[in-house]
Amino acid sequence: MGEFLSEAQRKHSIIREIMDAAMAGSAGSIARHFAPGAMFSNRNNAGIIDAPWFNRMEGEYRFQSEEEARSFLNELLRRATYISYKPRGIVVEGDEGASRCDWTRQDETNGSLVTGSTMYWFSFTTDGRIRSIETIGTIHSVIASKREESLAGSSSRS
């Protein structure tokens, strides 16, 4: 293959690096891939009952500099800790890319396990930097922790 990657291969490796960083919870040096003025959009399907736990910096954020991107990504990743995750593929076509990841997290307030998936859509500038990332997360299931059940059981036997 040689030492020069095609443009599609380079974009594929940038997406993989960002996905790995997001799932591992460490921004590392991924902020360097964002173009000035890049937009990050974060949404999910959590209902109002999930809002306290799943309020993960939803909305749209524009980064004017690499420093702003680094600061935002560090805060976002600090709030989302995954127990396990499985990337489900990366597609790159022209200046667009997409990926999906299935994951499991633990609710820090009550210990329940939450499983879900997140779709990622990437848009690149003509010089191969990220213009925007849009994510949409969906929760599949919430499993109450044994700790929560035992606490509830002990308080009802007075």
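Give me a count of the residues in the range 123-146 that are part of a strand (DSSP E or B) and open to solvent by 10 Å² or more (accessible area, probe 1.4 Å).
Summing the residues that are part of a strand (DSSP E or B) and open to solvent by 10 Å² or more (accessible area, probe 1.4 Å) in the range 123-146 gives 11.
When the range 66-93 is filtered for residues that are open to solvent by less than 80 Å² (accessible area, probe 1.4 Å) and closer than 16 Å to A35 by Cβ, the ones remaining, listed by number, are A69, R70, F72, L73.
How many residues are among the charged types (D, E, K, R) and within 16 Å of the chain's Cα centre (by Cα) if we restrict to the range 1-41?
Of the residues in the range 1-41, 3 are among the charged types (D, E, K, R) and within 16 Å of the chain's Cα centre (by Cα).
The values are calculated or read from the model by the stated rules, or taken from the named source; none is laboratory data. In this text the structure is predicted, and so the values were computed from the model without any measurement. Neighbour counts run over all protein chains shown; Cβ positions are idealised from the backbone, glycine included. For accessibility, only protein heavy atoms count, side chains too; no ligands or nucleic acids. Shrake-Rupley method; radii C 1.70, N 1.55, O 1.52, S 1.80 Å.
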